[in-house]
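Below you'll find the structure, written out as structure tokens, and then a few comments.
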Amino acid sequence: MGSNAKRKQLAGLALGWCVALPSHALVLSASFAPATPTIVDANVVSLPPIPDSELLPLSVTLGAGTITAVSIAIDLFKCGGDPTAQGYPLGGPANVDDDCTGLAAGPASAREIVLRLQGPGSLGTVSLVEPDIYFPDGPDPGRRIVLTFDDGAGLIDGTDFATGSFAPQTPFAGPTGMFDGKSADGQWSLLVGDDTIDSPLGIVSYTLNVTVLDQTPGQAPEPATLALLGLGLAGLGALRRRRAA
């Protein structure tokens with residue numbers, strides 16, 4: 001191979017290494033964690049009632065970045081039904097873990113739950129749980145679980161209201177995702193509903209994680225990438241020196 005061909009080959013490699021500088025990803029994280037659980041039901045007497053036909057927005061704010069992935073973990077519980085009282089006790093639960101104070105140990109009606117994630121501005125809304133996705137009457141009233149929603153998991157098996165990782169009903173990101181390639185900047189809301197009276201739904205907290213491309217100006221390349229780029233440039237310099245000699 002002649003010197004001109006070698007020079008072109010090394011120049012191409014050096015350019016390739018420049019173009020291949022890795023895109024740095026950042027995870028933007030925000031949590032909603034009130035001092036007491038947020039209770040959703042039309043018959044709440046200890047807090048302003050949330051009509052079952054409406055969705056309550058529980059909001060957090062994230063910074064800028066182009067979205068590549070989204071996940072959300074929700075800590076929640078469902079109280080049991082009491083057809084005679086149909087309400088939530090004044091003062092709220094003394095212990096939301098295994099005990100919804102003052103309510104009967106009747107069915108917790110997980111089938112009533114509505115959970116959706118709304119992006120900022122006009123970004124759209126992804127469905128997490130809709131009425132009748134959970135079709136048994138359980139779980140045990142007051143039992144706390146954590147539902148994590150991530151595109152890489154499988155869809156909910158509606159026969160079991162239990163802690164686990166599940167795919168949203170519509171994707172967050174990817175080729176058909178609602179949020180893919182959009183800006184994360186702004187207010188995000190977990191929309192919470194309970195579509196029938198009785199058996200209140202409690203949201204203890206949630207954490208939203210959004211992976212974005214790092215848009216920090218002057219982001220330094222990784223050391224290994226710099227080393228490869230340096231080798232390419234050194235090779236170009238050696239060819240130039242030999243040609244000058």
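Every number in this text was worked out from the coordinates using simple rules, so none of it is lab data. Being a predicted model, the structure only gives us computed values, none of them experimental. Cβ atoms come from the backbone with ideal geometry, glycine included; neighbour counts cover every protein chain shown.
Take peptides 175-185, 64-74 and line them up by average Cβ neighbours within 10 Å, highest first, as a rough protection proxy.
The densest-packed peptide leads the list: 64-74, 175-185.
Need the full-extension length gain, Asp150 to Ala25, defined as separation in residues times 0.36 nm minus the C-alpha distance. One decimal, nm. Present the calculation step by step, with values, prior to reporting the outcome.
Values: separation 125, 0.36 × 125 = 45.00 nm, distance 1.72 nm.
The span from Asp150 to Ala25 would gain 43.3 nm if fully extended.
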